[in-house]
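Structure first, commentary second.
Any read-out appearing in this document is the output of simple, stated calculations on the displayed coordinates, not a laboratory observation. It should be emphasised that the depicted structure is a prediction, and the values quoted were computed from it without experimental measurement. Note that we place each Cβ from the backbone using ideal geometry, even for glycine, and neighbour counts take in every protein chain shown.
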Amino acid sequence: MNTHRVVELHGDGISAELSRSVHSVAEALPCRIEFLGVDLSEQNRTRRGQAIYKDATGLLQECRVGLKYPTATTAESPNAVLRDMLDFAVIHRPVATIPGIETNFKKPLDIDVVRIATGGTYEDPGRRLNRETAVSVRVIERGPSLLAARFAFRLAERRATHVVSASKYTIQKETDGLFEEAVSEVAREFPRIAHRKELFDSLLAGIVMRPDKYAVIVTPNEYGDFLSDAACGLIGSIGLGDSSNYSFDEAGLVRVAMFDPAGGTAPDIAGKDLCNPSAALLSLANLLQHVGEVEAGARVRAAVLEAIAAGRSTADIGGKLSTTQFTEEVVRRADLAQSRA
């Protein structure tokens, strides 16, 4: 039986319940996951300060793979601190229609949002010039743009589909223009993968009107953030989104991968066995595929989707199951216990 060491970054609110759900599924896997826990809760961050981040990043660099749960943003954003310390350059958010969930959007959606993890408007909080005026600097770098583009084209190769790059290149001619230059450079390395660029506002309208025209989308930082959450809304809940964060070595190979559910800490339902663990379990499925447990990852993902399609889900998406009951349903449908034997 293969053993994989995974750093588990605990957070706030529903984090403990998501972790229990993940552990329940992991215990039934045909491989062994050795979780190395780090407490990134607000209380522990306040008590230990930067030392806790050094512990977390040190373990992530050693194990090269981690699973993170939602953390409260207070004095700082733990996601931003980890991103800076580990040089995460690319964020990947797959978003697809899940049968069995009632939504206002009736067309099928299946997109992979690949976003630069740095730069854009998020690097600079801005400054006041005077009482009436504030400014901030927007940064786009060629290196992260190339990494995001290559990740997107490799993903399109696996999906046998195309790539759309989206920005406001006609207005932000230097910043978004540099991003599009980098994507076009990478596109020449993948002559068999079709590529087109679209203005970001046009792309948003296009996804609503003709979602079938979109598959892999690569964008600068803030555009990908907006698009990911909007797309999760189209499929029924932001709590259904899972995310992957990657840093790379000088050869362009993944150095550290961190997987996390995209939703928040949900303090209003914390401790009540009500939260939806779907995104955390989908994050686990992606992690399994990343470490080479492709079949196990596919079975976990399929079991989550099948349970939801059958109406065996949590209340936030129309079901009646508790967190614990939904997790048990996923384990049963994945038939992981039998595959372990």
Discussion item. When a/c reaches 1.5 or more, the comparison of a/b and b/c decides; with that in mind, is region 1-122 rounded, prolate or oblate per its Cα gyration tensor?
Written reply: oblate
Fill in: Distance between region 168-243 and region 1-74 - C-alpha centres, whole angstrom
30
Worksheet entry | the chain: most fluctuating residue of Thr323, Thr133, Thr103 per GNM, C-alpha cutoff 10 Å | Thr133
Worksheet item: In degrees between 0 and 90, to the nearest 10, how far off the longest principal axis of the chain does helix 142-159 point, with axes built from Cα atoms?
Response: 50
Worksheet item: Going by alpha carbons, how many degrees (0 to 90, nearest 10) lie between the helix axis of 323-334 and the longest principal axis of the chain?
Response: 90
Discussion item. Just to be sure I understand: of the beta bridges DSSP finds with both ends in the chain, what percent are antiparallel, rounded to 5?
Written reply: 45
Response to the item:
With -39,500 (n - 2.57) per DSSP H segment of 4 or more residues and division by the full residue count of the chain, the 222 nm estimate, nearest 500 deg cm²/dmol, is -13000 deg cm²/dmol
Fill in: Label-point gap, in nm, between Leu253 and Arg131 - each point 7 angstrom along Cα→Cβ
6.0
Discussion item. Checking the a/c ratio against 1.5 first, then a/b against b/c, what shape does the Cα gyration tensor give for region 104-248?
Written reply: oblate
Worksheet item: With contacts defined as alpha carbon pairs under 8 Å and 6 or more residues apart, what's the relative contact order of region 169-266 in percent?
Response: 15
Discussion item. Can you tell me the orientation of helix 221-235 relative to the chain, as the angle in degrees between its alpha-carbon axis and the longest Cα principal axis, to the nearest 10?
Written reply: 50
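How high is the relative contact order of region 116-203, in percent, with contacts defined as C-alpha pairs under 8 Å that are six or more residues apart?
After rounding, I find 28 percent.
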Discussion item. Please compute the contact order of the chain in relative form: average sequence separation of alpha-carbon pairs under 8 Å and at least six residues apart, divided by the residue count, as a percent.
Written reply: 23
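Net charge near Lys106: determine it from the other residues with C-beta under 15 Å of the C-beta of Lys106, scoring Lys and Arg +1 and Asp and Glu -1.
Once all neighbours under 15 Å are counted, the net charge is -1.
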Discussion item. Limiting things to C-alpha atoms, what are the Rg and the maximum Cα-Cα separation (Dmax) for the chain, in angstroms?
Written reply: 19.9, 69
